[in-house]
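Taking it in order: structure first as structure tokens, then the write-up.
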Amino acid sequence: MNIVLLGAPGAGKGTQAAKLVEEFGTPHISTGDMLRAAVKAGTPLGKKAKSYMDAGDLVPDEVIIGLVTERLQEPDTARGFILDGFPRTSAQAVALDAELGKLERPLDAALLVDVDFEVIIGRLTSRRMCRDCGHIGSAADAVCPKCSGEMYQRDDDNETTVRNRLDVYEKSTAPLIDYYRGCDLLVSIDGDRDVDVVYADVKKALGL
Ligand SMILES: [Zn+2]
């Protein structure tokens, strides 16, 4: 399976990716993780990326595509890949398609884990984290269920921040969803259900 994962922050696409990786061993290619790793390892692309990041600029598309195509040369991707965090815009999707075309490894699907924004806002704003052990719980936990530590709300889980993140997501990703729908690659799954029910649907939709 060659797939691109799409979904708003908090929709649960990371959870679904983890389940696919566990069951099928398909490499999960997170461009955010790869960028951080390349910068840390000081590879030529990592150095290039770092110069943009140090200047406070966005890392250009071609640098990220370079990282992705490099990663796809590694043998573990022969049976497929799950691309996460890229593309984020339709321009990036077009560029990615061109590269995958050259590698003769076109996408099989763009998988969208779809959850209503109000549901996501409810999920994220009720999230609490333990100050001591990092356990993620909910507003219903008076203290950490693991270590009895103090639970707090992270700044990026407050409602204003969550709404801003969803707004940014909506603006950049809505055209991307249209793009993949136009290519007949979009597979949309209702993510507002139990994790295992969503996963069963994901597998069915991907023909696994
Ligand atoms: Zn704890």
* Test result for Phe24, of a type in the set (Phe, Trp, Tyr), surrounded by 14 or more Cβ atoms within 10 Å (Cβ to Cβ) and in contact with a Gly (Cβ under 9 Å, 6 or more places away or on another chain) -> yes
* Is there a residue in segment 153-165 that is within 16 Å of the ligand (Cβ to nearest atom), surrounded by 12 or more Cβ atoms within 10 Å (Cβ to Cβ) and not β-branched (Val, Ile, Thr)? -> yes
* Selected residue (criterion: surrounded by the fewest Cβ atoms within 10 Å (Cβ to Cβ)) from residues of segment 79-94 that are assigned to a helix (DSSP H, G or I) and modelled with pLDDT of 90 or more -> Val94
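Conditions tested, residue by residue: (1) among the charged types (D, E, K, R); (2) touching a strand residue (DSSP E or B) at 6+ places or on another chain (Cβ under 6 Å).
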site: Glu104; (1), (2): yes, no
site: Asp116; (1), (2): yes, no
site: Ile121; (1), (2): no, no
site: Leu124; (1), (2): no, no
site: Met129; (1), (2): no, yes
site: Ala140; (1), (2): no, no
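Could you say which residue among Leu45, Leu72, Leu100 is modelled with pLDDT under 95 and either more than 27 Å from Asp178 (Cα to Cα) or of a type in the set (S, T, N, Q) (or both)? So that I can check it myself, show each step before the final result.
On the way: Leu72 fails: either more than 27 Å from Asp178 (Cα to Cα) or of a type in the set (S, T, N, Q) (or both); Leu100 fails: either more than 27 Å from Asp178 (Cα to Cα) or of a type in the set (S, T, N, Q) (or both).
Exactly one residue qualifies, and that residue is Leu45.
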* Structure fact -> Given (1) surrounded by 17 or more Cβ atoms within 10 Å (Cβ to Cβ); (2) in a helix (DSSP H, G or I); (3) touching a residue at least 40 places away in the same chain (Cβ under 8 Å), Asp76 misses just (1)
* Could you list, in sequence order, all residues of segment 49-62 that are crowded, with 18+ Cβ neighbours inside 10 Å and either aromatic (Phe, Trp, Tyr) or under 19 Å from the mean Cα position of the chain (by Cα) (or both)? => Val59
* **Selected residue (only one of Gly12, Gly46 is surrounded by 13 or more Cβ atoms within 10 Å (Cβ to Cβ), more than 10 Å from the chain's Cα centre (by Cα) and closer than 30 Å to Asn164 by Cα)** => Gly46
* Go over the candidates Asp84, Asp97, Asp116, Asp132 one by one and state the one that is in contact with a Gly (Cβ under 8 Å, 6 or more places away or on another chain) and away from the ligand (no atom under 16 Å from the Cβ). => Asp84
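The values are calculated or read from the model by the stated rules, or taken from the named source; none is laboratory data. Keep in mind it's a predicted model, so treat the numbers as computed, not measured. Methodologically, a virtual Cβ is constructed for each residue, glycine included, from the backbone with ideal geometry; neighbour enumeration extends over all protein chains shown.
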